[in-house]
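Remarks on the structure that follows.
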Amino acid sequence: MKKIKNPWDGKEGYNCFGCAPGNPIGLHMQFYEDGDQVLGIWQPGTHHQGWIDTLHGGIIATLVDETGAWAITRKLQTTAMTVRLNMQYRHPVMTTDGEITVRASIANSLRNFVTVAVDVCDSHGKVCAHGEVTYCTFGPEQARQMGFTGCELE
């Protein structure tokens, strides 16, 4: 497993809620490549809960969408826009259990539409939520215009 370099870190105006390290209210997610998968590693806090000690479902959906987008960025070397997000919540994710692992892999693609399958696992490895996210990927020129120059490993 190797850490993915954040290709936007240090770019003017970069303040992503999911991954920008400088966003004071963001999630500060970090990502790793593990074979065909991209992993998001994240530690919830009590301020992320919906019910007592239970991670808010909207935060879970954000973890899924963000990790899926990073799978596109790393594996396809481009940027994308979310066009559909389907979630299945299977078990509560407890904010008191420790680190969460989000696993994303590209499921299929048709032209510039790519679907990524994403599992949210609690600190014990139990799959608590599953998402399928479809993205519209951008061509190389449009990705460059958005400031994307590549996504490398550390």
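The values are calculated or read from the model by the stated rules, or taken from the named source; none is laboratory data. These numbers come from a predicted model, not from an experiment. Neighbour counts are summed over all protein chains in view; Cβ atoms, including those assigned to glycine, are modelled from backbone coordinates with ideal geometry.
Given Thr149, Thr115, Thr79, which one is touching a helix residue (DSSP H, G or I) at 6+ places or on another chain (Cβ under 8 Å) and among the hydroxyl-bearing types (Ser, Thr, Tyr)? Working first, answer last.
Values: Thr149 fails: touching a helix residue (DSSP H, G or I) at 6+ places or on another chain (Cβ under 8 Å); Thr115 fails: touching a helix residue (DSSP H, G or I) at 6+ places or on another chain (Cβ under 8 Å).
Thr79 is the lone residue from the list that is touching a helix residue (DSSP H, G or I) at 6+ places or on another chain (Cβ under 8 Å) and among the hydroxyl-bearing types (Ser, Thr, Tyr).
Condition check ((1) at pLDDT 95 or above; (2) surrounded by fewer than 19 Cβ atoms within 10 Å (Cβ to Cβ); (3) in contact with a strand residue (DSSP E or B) (Cβ under 9 Å, 6 or more places away or on another chain)) across all residues:
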| residue | (1), (2), (3) |
| --- | --- |
| Val114 | yes, no, yes |
| Ala117 | yes, yes, yes |
| Asp122 | yes, no, yes |
| Gly150 | yes, yes, no |
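With the checklist (1) at pLDDT below 95; (2) touching a strand residue (DSSP E or B) at 6+ places or on another chain (Cβ under 6 Å) in hand, flag the one item Asp9 doesn't pass.
Failed condition: (2).
Taking the stated definitions as given, is Thr73 β-branched (Val, Ile, Thr) and either at pLDDT below 95 or surrounded by 21 or more Cβ atoms within 10 Å (Cβ to Cβ) (or both)? Working first, answer last.
Details: β-branched (Val, Ile, Thr): yes; either at pLDDT below 95 or surrounded by 21 or more Cβ atoms within 10 Å (Cβ to Cβ) (or both): yes.
Yes.
Test of understanding: among Thr79, Thr54, which residue is of a type in the set (S, T, N, Q), modelled with pLDDT of 95 or more and crowded, with 21+ Cβ neighbours inside 10 Å? It would help to see each step written out before you state the result.
Numbers: Thr54 fails: crowded, with 21+ Cβ neighbours inside 10 Å.
Going through Thr79, Thr54 in turn, just one is of a type in the set (S, T, N, Q), modelled with pLDDT of 95 or more and crowded, with 21+ Cβ neighbours inside 10 Å: Thr79.
Please work out which residue is surrounded by the fewest Cβ atoms within 10 Å (Cβ to Cβ), limiting yourself to the stretch 124-148 and to residues that are of a type in the set (A, V, I, L, M) and not in a strand (DSSP E or B). Spell out the reasoning first.
First pass over the stretch 124-148, keeping only residues of a type in the set (A, V, I, L, M): 127, 129, 133, 143, 146.
Filter once more, so that each one left must be not in a strand (DSSP E or B): 143, 146.
Working: Ala143: 19, Met146: 12.
So, considering only residues that are of a type in the set (A, V, I, L, M) and not in a strand (DSSP E or B), the one surrounded by the fewest Cβ atoms within 10 Å (Cβ to Cβ) is Met146.
Specify which of the listed residues (Leu63, Leu39, Leu27, Leu85) is under 16 Å from the mean Cα position of the chain (by Cα) and assigned to a loop (DSSP other than H, G, I, E, B).
Only one candidate passes the filter, namely Leu27.
Scan the stretch 102-142 for residues that are of a type in the set (Gly, Ala, Ser) and either farther than 23 Å from Leu39 by Cβ or touching a Lys or Arg at 6+ places or on another chain (Cβ under 8 Å) (or both) and report the count. Even if it seems obvious, please write down each step before you answer.
As a first pass, look at the stretch 102-142 and keep what is of a type in the set (Gly, Ala, Ser): 104-105, 107, 109, 117, 123, 125, 129, 131, 139.
Cutting the leftovers down to either farther than 23 Å from Leu39 by Cβ or touching a Lys or Arg at 6+ places or on another chain (Cβ under 8 Å) (or both) gives us 129, 139.
Residues flagged as of a type in the set (Gly, Ala, Ser) and either farther than 23 Å from Leu39 by Cβ or touching a Lys or Arg at 6+ places or on another chain (Cβ under 8 Å) (or both) within the stretch 102-142 amount to 2.
Select, from Gly22, Gly35, Gly26, Gly18, the only residue that is buried (at least 18 other Cβ atoms within 10 Å of the Cβ) and not aliphatic (A, V, I, L, M). Even if it seems obvious, please write down each step before you answer.
On the way: Gly22 fails: buried (at least 18 other Cβ atoms within 10 Å of the Cβ); Gly35 fails: buried (at least 18 other Cβ atoms within 10 Å of the Cβ); Gly26 fails: buried (at least 18 other Cβ atoms within 10 Å of the Cβ).
One residue alone meets the criteria, Gly18.
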